[in-house]
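K.L.:
So that we are looking at the same thing, I have put the structure below in structure tokens.
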Amino acid sequence: MAALELATEPTPAEEALPPLSPEDQSVVEALDGGDRRRALTLCARHHGPALGRLCMAMLGSQADAEDLAQETLLEAHAAIAGWRREGSLRAFLMTIARRKCARHLETRRRRNAKLRLVHDADRTPASAPTEKALLLRQRAGKARAALDAIRPSEREAVLLRYGAGLSFREVAMACGIEEAAARKRVSRAVAKLRDAVREGGEK
């Protein structure tokens, strides 16, 4: 009897999810009213900045991040009717963005193209970067190197957690894993990043 009761207990994925946020509820109302254009506009307004941060953190290129964030919203416009509303809309959007970024990175690796675009493209070639700009670029390079050094699954999890601001439950949904596994991935990633930063500081 005890074994049967344990077997029928709900798993974390089956437990009731928290109610939708007011922002997501406004999107639901637009969808229920058949106004998909307004739903997409609200998605861009409420979640666009977080999408951009996630894509930027994963890709390391402002131009690519902007393109992928726009592509994510366009795909969401076509796929949002299939959103089952069992989780946050942000997690739904981040799942699309994560998948698109992963494909983009794989294509970049296959072509052995490790080019990085300069963020301040408007600067004239004759102008020399300031000491502060050089320092910020060095720090950004170290952060990118540290992220590149950890497993892709751990990198995605930590970026979803801290770059996109998702809860552990939402990270789990975006990655298709249990919440406990998401917590472990993020914890391992943070520990490795701290070690990398510490080692870099000792050099």
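Readers should treat all values here as calculations from the given coordinates under stated rules, not as data from a laboratory. Because the structure is a prediction, the values reported are computed rather than measured. Please note: Cβ atoms are built from the backbone with ideal geometry, for glycine as well, and neighbour counts cover all protein chains shown.
K.L.:
Can you give the local net charge around ILE96? Use residues other than it whose beta-carbon is closer than 12 angstrom to its beta-carbon, Lys and Arg +1, Asp and Glu -1.
P.N.:
Counting the neighbours of ILE96, the net charge comes to +3.
K.L.:
For ARG144 and ARG183, calculate 0.36 nm times their separation in residues minus their Cα-Cα distance, and state this gained length in nm to one decimal.
P.N.:
11.9 nm
K.L.:
What residues from the range 37-60 fall in the zone where the backbone N is under 14 Å from a label point 7 Å along the Cα-to-C-beta line of SER21?
P.N.:
It comes to 42-54, nothing else.
K.L.:
Further, regarding this structure: Using a Förster distance of 22 angstrom, determine the FRET efficiency expected from the C-beta separation of THR107 and TYR162, and round it to 0.05.
P.N.:
According to the calculation, E is roughly 0.30.
K.L.:
Which of THR41, LEU74, GLY60 sits farthest toward the positive end of the charge dipole of the range 17-114, with +1 on the Cβ of Lys and Arg and -1 on the Cβ of Asp and Glu?
P.N.:
Among THR41, LEU74, GLY60, the one farthest towards the positive end of the dipole of the range 17-114 is GLY60.
K.L.:
Related question: Estimate the FRET efficiency between GLU75 and GLU131 by the formula 1/(1 + (r/R0)^6), using the beta-carbon distance for r and 45 Å for R0, to the nearest 0.05.
P.N.:
E(calc), rounded to 0.05, equals 0.60.
K.L.:
Ok, one more. Taking K and R as +1 and D and E as -1, what net charge do the other residues with C-beta under 13 Å from the C-beta of ARG53 add up to?
P.N.:
Here the charged neighbours net out to +2.
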